[in-house]
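The values are calculated or read from the model by the stated rules, or taken from the named source; none is laboratory data. Predicted model, so just to flag it, every value in this text is computed and none were measured. Note that we place each Cβ from the backbone using ideal geometry, even for glycine, and neighbour counts take in every protein chain shown.
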Amino acid sequence: MKQFITLSAITLFTLSSQAFASESSETALKMIPGGKVIQEKTREVMVLTPNQSTIEVEFKRNGKFEEASGDNLEKDILVPDMGLISLQDAVAFLKKEGKTPIGEWSLEESLFGNWHYEFEGVEAGKKMDYQVDAKTGKIKSEIDD
C-alpha cells in the first residue's frame, strides 16, 4: 500500500510538472513573438528568437513570470505583457539619452514590485550600469564598480 501511494504521488508530481512546463512555454512564446522553445525545465524556458539569439524566461513556483534575460540586446526580442515596455523600447530610451547599452540584459521585478530592465554600457571609457523602469521608461545610470 505504501509503495502504491508513493508511486501515485510521483505520477501526480510528474504530470503537474509537465503541465506547468507546457504553460510556462506558452507564456514565454507570447513574450517572444516568432520564437521557438529549445529547452524546458521546471521553472525555466529557453527560447530561440527569429534572429537566432537565445532568451531565458524564468517563472515562480506559482507559475507567474519572474525574470527574463539574454546576451544580445541588438537581436533579442521581448514583448512582455503586464503593461511593461518591450526590450526594444527600453534600448531606444537609453540610446535617445545618449547611453550606450551593450550585450547582456535582464528584466526582473524588484522587492517593491517594480519591474526594470538592467543593462551594461560604457561612457567616457568607464563601465556603466543602466536601469530602465519597465513601466515608465525612466532611466537610472551609475558607474559600475
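Here are a few things to note about the model shown:
- Selection of segment 43-73 for residues being outside any strand (DSSP E or B) and either out of contact with any strand residue (DSSP E or B) (no Cβ under 9 Å at 6 or more places or on another chain) or hydrophobic (A, V, I, L, M, F, W, C) (or both) yields 51, 52, 61, 62, 63, 64, 73.
- Residues (outside any strand (DSSP E or B), surrounded by 12 or more Cβ atoms within 10 Å (Cβ to Cβ) and either among the aliphatic types (A, V, I, L, M) or at pLDDT below 95 (or both)) located in segment 115-135: 134
- Among residues of segment 29-54 that are touching a residue at least 24 places away in the same chain (Cβ under 8 Å) and more than 20 Å from residue 84 (Cβ to Cβ), those with a Cβ under 7 angstrom from a residue that is charged (D, E, K, R) and outside any strand (DSSP E or B), sequence gap 6+ or separate chain, pair up as 51/75.
- Inter-residue pairs, beta-carbon under 6 Å, first farther than 16 Å from residue 136 by Cβ and in segment 90-119, second among the aliphatic types (A, V, I, L, M) and in a strand (DSSP E or B), 6+ apart: 100/122
- Criterion violated by residue 34 - all others in (1) of a type in the set (Gly, Ala, Ser); (2) in a strand (DSSP E or B); (3) modelled with pLDDT of 95 or more satisfied: (2)
- Remark: pairs (first residue in segment 61-73, loosely packed, with under 13 Cβ neighbours inside 10 Å; second residue basic (Lys, Arg) and in a loop (DSSP other than H, G, I, E, B); Cβ separation under 9 Å; 6+ apart in sequence or on different chains) = 61/43.
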